[in-house]
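Q: Provided herewith is a single structure, encoded as structure tokens, for subsequent inquiry.
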Amino acid sequence: MKKQALVVWSLLVLPLFGLAQTESDSLSLQALVYKAMHKNTGLKNAQLEIEKSEKTKSQINNTFLPTLEADGKFAYTAGKFNIDTQSASLEFPGISLPTSIPALPVFTIPGFPVTIPAIDQTLDFDGNLWIAGITAKWTIFTGFKASNLSKAMTHKIEAQKHMFTQEEADLISEIAALYDKIALLAQTQNVLDIQSKRLEKENETATKALGLGLITKHEYQKIEIAQLNIASKILEFEGAKELLYLKLHQLTGVEIAELETIEVDIEIRLESETSNKSFLDRPELLALDESVLASEFKYKSEISGYLPKVQAFASHQYLGLTNGQAAGFGFNEISGYPLNMVGVGMKWEIFDGFHTRDERQKIKIEMQQTQNRKEEVTELLELNYRNCVSQYANLTAQTELKAKQMESSKESLEISYKEYKNGLVDVSDYLEAQSEYTTTTLEYYKTVCDQRNSALELLKATGSLQIEKL
């Protein structure tokens, strides 16, 4: 563990082998990454998903905003009124009327019964019906359902943003790896071209020596074989470069002709990475934490389903029946205006057929599944982190070793060339020294490329890989 900690802190002081632009107008790595981000449909869809979630949250928050509805209806209506009543008997009491003339008796009107006959009749009616009005509604209380759902959406959006960051990091590392390979192939091409020119020069000398009988046909053929070997490697790397440009074109949308203008050299530069982050800061884990919180608030919103909902309302209505007739009598208008209403309504769902209970249980299962995924992902990310630390330390050491081997083989080649010119060694020894130098040089540049890629992977393993770190 101490060794791994030292390796992580070595990001502060150990050299990373980076890419430096040799032409001011050459496409930079950052420029390619930005173009790839702009073109990548996966990132576009991820951003659209975030926007959709933000709209959903906005809809939830707007639950408490009042709504205003205007409605109007017109219809021709016709029908029948059916009247069916029983007969009723009424008894009118007697009335005594005092007289104003003295000595006259009080005048009395005796009571009498009145019978209202039963009615059993159908009355026809028709007319134009008009209904119009404005209704305002204002949700006052949702049993905390809306507020909890809004908080759940907040955490869901944060989870989506973390995953968007991870997708960006994956794209950055992919473009950076391809960009490094351009430098690797350029250096490889340069080494092979130099060796090819040397062999051409030696071939001319060997041809003259063969004509003069100074070397054998076998020795001459060794130079030809070395030339064919170099030509084969040049052809192989040309094909690799063509595929590399095609891949970058697909990812960034930049034309291949423009990509071919990229000129970069592999050189040492210091990386000022001062982050103390670990694998626990990976966007995947942060997204899972936010998902757990989102599920918890969603669970609370379902519990709120047992509480009553309260809504205030107000309406201003007009009701009218015009140009109609009923029971043979015509009328111009029968209307009610204004018809006003203001009040508060409550809805309390006492029993919903166990729907809320089942939803709560489903959310609890989802929460457990998320927690299980987090445990699994944590273990995998820790393993990946430790592997990245180990690879970075190993490749950093390998780079130093390969640099020394390349320098040693270069010195050996120079000595071998002088000895070959002075006739101290034969052509086989010289070609062997040249082949060793070519091999060690290509291995050095490949190790440099791998070491840089391991540094980026280590940054990604701690959630620190951003475009600014390039």
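Q: Measure off 7 Å from each Cα along the Cα-to-Cβ vector at K197 and I140, then give the distance between these two points in nanometres to one decimal.
A: 9.0 nm
Q: Hey, can you find the accessible area per residue of the chain for me, probe 1.4 Å, expressed in square angstrom?
A: Numbers: 28520 Å² over 470 residues.
For the chain, the solvent-accessible area averages 61 Å² per residue.
Q: Put +1 on the Cβ of each Lys and Arg and -1 on the Cβ of each Asp and Glu in the chain; which of T207, P338, L395 then has its Cα farthest toward the positive end of the dipole?
A: After comparing all options, I get P338.
Q: Next question, about the same structure. In a shell of Cβ-Cβ distance under 11 Å around D426, excluding D426 itself, what net charge do Lys and Arg (+1) and Asp and Glu (-1) give? Display every interim value, and only then the final one.
A: Working: positive: K222; negative: E219, E419, D429, E432.
Here the charged neighbours net out to -3.
Q: Now for a different question. Here are some values of Rg and Dmax of the Cα atoms in Å: (1) 45.9, 184; (2) 24.0, 81; (3) 27.3, 90. Which one was computed from this structure?
A: (1)
Q: I want to check the label-to-label distance for I234 and A132. Put each point 7 Å from Cα in the C-beta direction and report it in nm to one decimal.
A: Simple spin-label model gives 9.0 nm for this pair.
Q: What accessible area, in Å² to the nearest ten, does a 1.4 Å probe give for M406?
A: Number for this one is 40 Å².
Q: Another question about this same structure. Order V377, V427 by their accessible area, 1.4 angstrom probe, all chains in place, largest first. If you can, show how the numbers build up before the last one.
A: Values: V377 40, V427 10 Å².
Per-residue accessible area, sorted high to low, gives V377, V427.
Q: Still on this structure, I have one more. Between S96 and Q317, what FRET efficiency follows from the Cβ-Cβ distance if R0 is 51 Å, with the result rounded to 0.05?
A: Values: r = 52 Å, r/R0 = 1.02.
Once rounded, the FRET efficiency stands at 0.45.
Q: Moving to a separate point now. T63 to F354: FRET efficiency via 1/(1 + (r/R0)^6), r the Cβ-Cβ distance, R0 25 Å, to the nearest 0.05? Let's see the in-between values first.
A: On the way: r = 25 Å, r/R0 = 1.00.
The value I calculate is 0.50.
Q: Long-range amide H contacts for L123: which residues qualify at under 5 Å (H placed 1.01 Å from N, peptide plane, sequence gap of 5 or more or a different chain)?
A: Correct list: F81, N82, I83.
Q: Still on this structure, I have one more. Starting from the Cα of T378, step 7 Å along the direction of its Cβ; do the same at S428; then give the gap between the two resulting points in nm.
A: Between T378 and S428, the simple spin-label model gives 6.4 nm.
Q: Calculate how steeply helix 217-252 sits against the longest principal axis of the alpha-carbon atoms of the chain, using the helix alpha-carbon long axis, and give the answer as 0 to 90 degrees to the nearest 10.
A: Taking the Cα atoms of the chain, the angle to 217-252 is about 20 degrees.
Q: Okay, next question. Per the 1.4 Å probe, what fraction of the accessible area of the range 34-151, in percent, lies on carbon and sulfur atoms? Intermediate values should be presented prior to the final figure.
A: Working: 5550 of 8810 Å².
It is 63 percent, rounded to a whole number.
Q: If I stretch the segment between I303 and R386 completely, what's the gain in nm (0.36 nm per residue apart, minus their alpha carbon distance), one decimal?
A: Gain on extension, I303 to R386, equals 25.6 nm.
Q: So how much accessible area does D120 have, in Å² to the nearest 10, using a 1.4 Å probe?
A: The value for D120 is about 130 Å².
Q: Where does the charge balance sit around K80 when Lys and Arg score +1, Asp and Glu -1, over other residues with C-beta under 15 Å from its C-beta? Walk me through the numbers before you get to the answer.
A: Values: positive: none; negative: D84, D120, D124, D126.
Counting the neighbours of K80, the net charge comes to -4.
Q: To test your reading of the geometry: what angle, between 0 and 90 degrees and rounded to tens, separates the Cα axis of helix 283-303 from the longest principal axis of the chain?
A: 10 degrees
Q: Now a separate question. Give the ranking of F81, F141 by solvent-accessible surface, highest area first, calculated with a 1.4 Å probe. Show your work: numbers first, answer last.
A: On the way: F81 110, F141 65 Å².
Correct descending sequence by accessible area is F81, F141.
Q: Considering the options L424, I109, G239, tell which one lies farthest towards the positive end of the dipole of the chain, charges being +1 on Lys and Arg and -1 on Asp and Glu at the Cβ, about the Cα centre.
A: I109
Q: Once phi is turned into ³J(HN,Hα) by the Karplus curve 6.51 cos²θ - 1.76 cosθ + 1.60 with θ = phi - 60°, what whole-Hz value does each residue of the range 435-445 show in order, with x for glycine and proline?
A: Per residue, the Karplus-derived 3J(HN,Hα) values read 5, 5, 5, 4, 5, 5, 5, 5, 5, 4, 5 Hz.
Q: Once neighbouring chains are kept in place and the probe is 1.4 Å, which whole percent of the accessible area of the range 318-365 is contributed by carbon and sulfur? Mind dumping the intermediate values first?
A: Values: 2260 of 3760 Å².
About 60 percent, which is the carbon plus sulfur part of the accessible surface.
Q: Quick one: 3J(HN,Hα) in Hz for the range 155-167, Karplus 6.51/-1.76/1.60 with θ = phi - 60°, rounded, Gly and Pro as x.
A: 6, 5, 5, 4, 4, 5, 5, 4, 5, 5, 4, 5, 5
Q: Further, regarding this structure: If you keep only loop residues by DSSP, which GluC sites (Glu not before Pro) in the range 317-371 have at most 14 other Cβ atoms within 10 Å of their Cβ?
A: Numbers: sites: E333, E349, E359, E366; in loops: E349.
Qualifying residues, ordered by number: E349.
Q: Taking Cα atoms, how many degrees apart are the long axis of helix 355-421 and the longest axis of the chain, rounded to 10 and kept between 0 and 90?
A: 20 degrees
Q: Ok, one more. Once the whole set of protein chains is in place, how much accessible area is left on K208, using a 1.4 Å probe, in Å² to the nearest 10?
A: The accessible area comes out at roughly 150 Å².
Q: Oh, and also: Given a 1.4 Å probe and heavy atoms of the protein chains only, how would you sort H38, H316, H218, H155, largest accessible area at the top? Don't jump to the answer; show the numbers that get you there.
A: Values: H38 140, H316 75, H218 115, H155 40 Å².
Ranked list, largest accessible area first: H38, H218, H316, H155.
Q: Would you work out the charge dipole size for the range 346-424 about its Cα centre, treating the Cβ of every Lys and Arg as +1 and the Cβ of every Asp and Glu as -1, and quote it to the nearest 20 debye?
A: Working: 13 positive and 14 negative charges, 23 e Å.
Value, rounded to 20: 120 debye.
Q: Treating only the Cβ of Lys, Arg, Asp and Glu as charged (+1, +1, -1, -1), what charge dipole size does the chain show about its Cα centre? Round to the nearest 20 debye. Before the final figure, lay out each step's value.
A: Working: 48 positive and 64 negative charges, 246 e Å.
With Lys and Arg at +1 and Asp and Glu at -1, about 1180 debye.
The values are calculated or read from the model by the stated rules, or taken from the named source; none is laboratory data. Computed from a predicted structure; not experimentally measured. Virtual Cβ from ideal backbone geometry, glycine too; neighbours counted across all protein chains shown. Accessible surface is based on the protein model in full, side chains and every heavy atom, while ligands, DNA and RNA are left aside. Shrake-Rupley method; radii C 1.70, N 1.55, O 1.52, S 1.80 Å.
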